[in-house]
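Below: one structure, written as structure tokens.
The values are calculated or read from the model by the stated rules, or taken from the named source; none is laboratory data. Small disclaimer: the values here were computed from a predicted structure and weren't measured. Cβ placement follows ideal geometry from the backbone for every residue including glycine, while neighbour counts extend to all protein chains displayed.
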Amino acid sequence: MRAPLNKTGYIEVKVGEAASDFIKKMQLKGSDFKMAAKLYLFITGLEKRLKPCRIKLDAGDSFISVVNKIVHYKEPLVKLIVFEGMDSFEIAEALKKLHIADAQLFLDKVLSFKMEGYLFPDTYFVSQYSKVDSLIRLMKQNFDEKAAIFLKRAHILTPYKTLILASIVQKETYNKDEMPLIAGVFYNRLKKGIPLQADPTVIYAIKLKLGRDVKLVLTRKDLKLNSPYNTYIHLGLPPTPICNPGLEAIKAAVNPAKTNYLYFVSKGDGTHVFARTLKEHLKNIIKYRNNR
């Protein structure tokens, strides 16, 4: 097995790949020691230490030298940034662009196990060969360490419903000073039995329907979409969070501002103007949308 290979280039070990698959790849590179290779990996225990990686083969490499390269490989980590307010569709897109894990499998598992909202926004340094389960576990553990303590203080709604509300607040504004006000508006509407009429919930409904991320400006037709996430036609909160909120949005949902506001509209500069009555709100819409 110390005979040099007759081919150079690269060899890749994939996530979950069996030692027998690795041996077949090595045979394609010129290794003629199939049985001896199996025995070597079994006796040394190295078959369990083959890690996902892409290794450059040099002239003169042997089967043993390649195995040693793989076992001692130190992979550079990839920087994955989960921004506040990113939903699972957007995170899956980021994974796809960075070639980390299986993006579609990640999305499927997050939605199936209702992990939206628990993928804590932060900067992560991960392997390109990370398993989907380990990525989700990493983000959830971060959530448990940094955010769960605040949700335990929820006193108006249950912790989970508070997380749902926080996700809507996060999508409505990135202005931290306004978050408690917007949370207060939504609490007031819930209390009075008024639909939340939050555009981000409809956008999330469309993403669920299409099964992918989408950037769009809502139309009147969109606002009639029959989905439990459409807060224009369904009272109350949507079934799950619609994104992964940051700490400030969570804190705002736990401790909303006490106001009489029932409406708000964007000024177009990242801030909002608030109103107590529909009449005031309509005036604000005309004023600020015309200005834009």
Condition check: modelled with pLDDT under 95, β-branched (V, I, T) and in contact with a Ser or Thr (Cβ under 7 Å, 6 or more places away or on another chain). Does I100 satisfy that? yes
Quick one: count up the residues across segment 173-194 that are buried (at least 24 other Cβ atoms within 10 Å of the Cβ) and closer than 13 Å to E84 by Cβ. 1
Being among the aliphatic types (A, V, I, L, M), touching a Gly at 6+ places or on another chain (Cβ under 6 Å) and touching a residue at least 24 places away in the same chain (Cβ under 8 Å) is true for just one of A257, A253. Which residue is that? A257
Quick one: what pairs do we get from segment 144-162, first residue among the β-branched types (V, I, T), second not in a helix (DSSP H, G or I), C-beta under 8 Å, 6+ apart or different chains? I156/P256; T162/A154; T162/I156
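Okay, residues lined up against (1) assigned by TED's automatic domain parsing to the domain that holds I285; (2) aromatic (F, W, Y); (3) farther than 16 Å from G85 by Cα; (4) in a loop (DSSP other than H, G, I, E, B):
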| site | (1), (2), (3), (4) |
| --- | --- |
| Q197 | yes, no, yes, yes |
| I206 | yes, no, yes, no |
| V217 | yes, no, yes, yes |
| L223 | yes, no, yes, no |
| N230 | yes, no, yes, yes |
| I233 | yes, no, yes, yes |
| I250 | yes, no, no, no |
Limited to segment 184-209, what total is found for residues that are over 21 Å from the mean Cα position of the chain (by Cα) and over 14 Å from V265 (Cα atoms)? 10
Quick one: P121 ticks every box in (1) free of Cβ contacts under 8 Å to residues at least 60 places away in the same chain; (2) outside the structural domain of F264 (by TED's automatic domain parsing) except a single one, so which number is it? (1)
Scanning for something of a type in the set (F, W, Y) and either in contact with a Leu (Cβ under 7 Å, 6 or more places away or on another chain) or at pLDDT below 85 (or both), does segment 50-66 turn up at least one residue? no
Y124 vs (1) surrounded by 21 or more Cβ atoms within 10 Å (Cβ to Cβ); (2) more than 18 Å from P241 (Cα to Cα); (3) touching a strand residue (DSSP E or B) at 6+ places or on another chain (Cβ under 6 Å): all pass except (1)
Regarding segment 54-75, can at least one residue be identified that is under 12 Å from the mean Cα position of the chain (by Cα) and either assigned by TED's automatic domain parsing to the domain that holds E172 or of a type in the set (F, W, Y) (or both)? no
Which of the residues spanning segment 149-180 are closer than 19 Å to Y261 by Cα, under 21 Å from the mean Cα position of the chain (by Cα) and of a type in the set (A, V, I, L, M)? L165, A166, I168, V169
Check off (1) among the aliphatic types (A, V, I, L, M); (2) surrounded by 15 or more Cβ atoms within 10 Å (Cβ to Cβ); (3) under 30 Å from I164 (Cβ atoms) for L46 and give me the number that stays unchecked. (3)
Can you tell which of L105, L157, L119 is of a type in the set (A, V, I, L, M), modelled with pLDDT of 95 or more and assigned to a helix (DSSP H, G or I)? L105
Please specify each residue of segment 160-194 satisfying the condition of being assigned to a helix (DSSP H, G or I), among the basic types (K, R) and touching an Asp or Glu at 6+ places or on another chain (Cβ under 9 Å). K171
Considering only residues that are in contact with a Pro (Cβ under 8 Å, 6 or more places away or on another chain) and aromatic (F, W, Y), which ones fall in segment 47-92? F83
Going by the conditions given, is S134 farther than 25 Å from T162 by Cβ and within 16 Å of the chain's Cα centre (by Cα)? yes
Hey, any hits in segment 239-247 for a residue that's assigned to a strand (DSSP E or B), touching a residue at least 40 places away in the same chain (Cβ under 8 Å), within 21 Å of N175 (Cα to Cα) and not polar (S, T, N, Q)? no
Counting only residues that are of a type outside the set (F, W, Y) and surrounded by 18 or more Cβ atoms within 10 Å (Cβ to Cβ), which one in segment 255-280 is nearest to M179 (Cα to Cα)? P256
